[in-house]
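**Q** First the structure, which I've put down as structure tokens, then a few questions once you've had a look.
What follows draws every value from the coordinates through simple rules; no lab data is involved. All values reported here derive from a predicted model rather than from experimental measurement. Here the Cβ positions follow ideal geometry from the backbone for every residue, glycine too, while neighbour counts run over all protein chains shown.
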Amino acid sequence: MVRPIWNGLNRLTALLLLLLLAPVMLALAAWIRIADGKGVLFVQDRGGRNGVPFRMLKFRSMVHNSVAMSAELGIDDPFGLVENDPRITRCGRFLRRTSLDELPQLINVLRGQMNLVGPRPDVLPQVACYSPEDARRLEVKPGITGWAQVNGRDDIDWAQRFVLDRWYVDNWSPLLDLRIVWRTAVSLNRDEPPVHVDQLNITRQQAPAEEVSRVG
């Protein structure tokens, strides 16, 4: 009974935050439009609770063709970053450093697709490669911030994130969520984390292609 009530409070909080932060969000949208052209929002299919896809919203912080451009740059993980990543826009570095690019996800929370706190929603190609143990992070709604984010953010690889997310699923409580929100709030204006190349996702993406090659 606690979880449904908490989910409802998440949606109510998201509504209040959207009303409160509407001027900030409009100003950010105008800045992105003026500085980096059309396409203020970045919309991408992500894996939600139980792996059900939903369209996650962010303020755009990368060029439109970032995934295609990754191949041109020789980046093995198209969803990862490189040092001084040229795909990040002029506004994007500030937005990513302060996490203001995540504000549109309050709409996802209001829709019931996410909560304020939970495992970060992963892209569908990577969700498709989850092991049964990894998929345990899908037992709860994804979040705007989470236990892994306040314990390393991008400076930890996916293997560590899976461990942290499973711990969160097994130890969830409203008090833990409030603790994560507090730790997120006090670390918003942090330095950009060092680039961390995630070999796990690169290996998993290569495995299906290698299997097809052997069959052929």
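**Q** Sorted by mean Cβ packing within 10 Å, highest first, what order do the peptides 174-182, 52-60 take?
**A** Working: 174-182: 14.8, 52-60: 18.2.
Highest mean packing first, the order is 52-60, 174-182.
**Q** Pull out a ≥ b ≥ c, the square roots of the eigenvalues of the alpha-carbon gyration tensor of segment 4-49, then state rounded if a/c is under 1.5, prolate if not and a/b is larger than b/c, and oblate in the remaining case. Provide the component values of the computation, followed by the final result.
**A** On the way: a/c = 6.64, a/b = 1.59, b/c = 4.18.
Here segment 4-49 falls in the oblate category.
**Q** Under a crude label model (7 Å from the Cα following the beta-carbon direction), how far is ASN171 from LEU17 in nanometres?
**A** Distance between label points: 2.2 nm.
**Q** Let me ask something else. List the residues whose amide H sits under 5 Å from the amide H of VAL140, counting only those 5 or more places along or on another chain, with H placed 1.01 Å from N in the peptide plane.
**A** Amide H neighbours of VAL140: ASN50.
**Q** Report the calculated FRET efficiency for CYS129 and LEU26 (r = Cβ-Cβ distance, R0 = 25 Å), to the nearest 0.05. Walk me through the numbers before you get to the answer.
**A** Values: r = 38 Å, r/R0 = 1.53.
Calculated transfer efficiency: 0.05.
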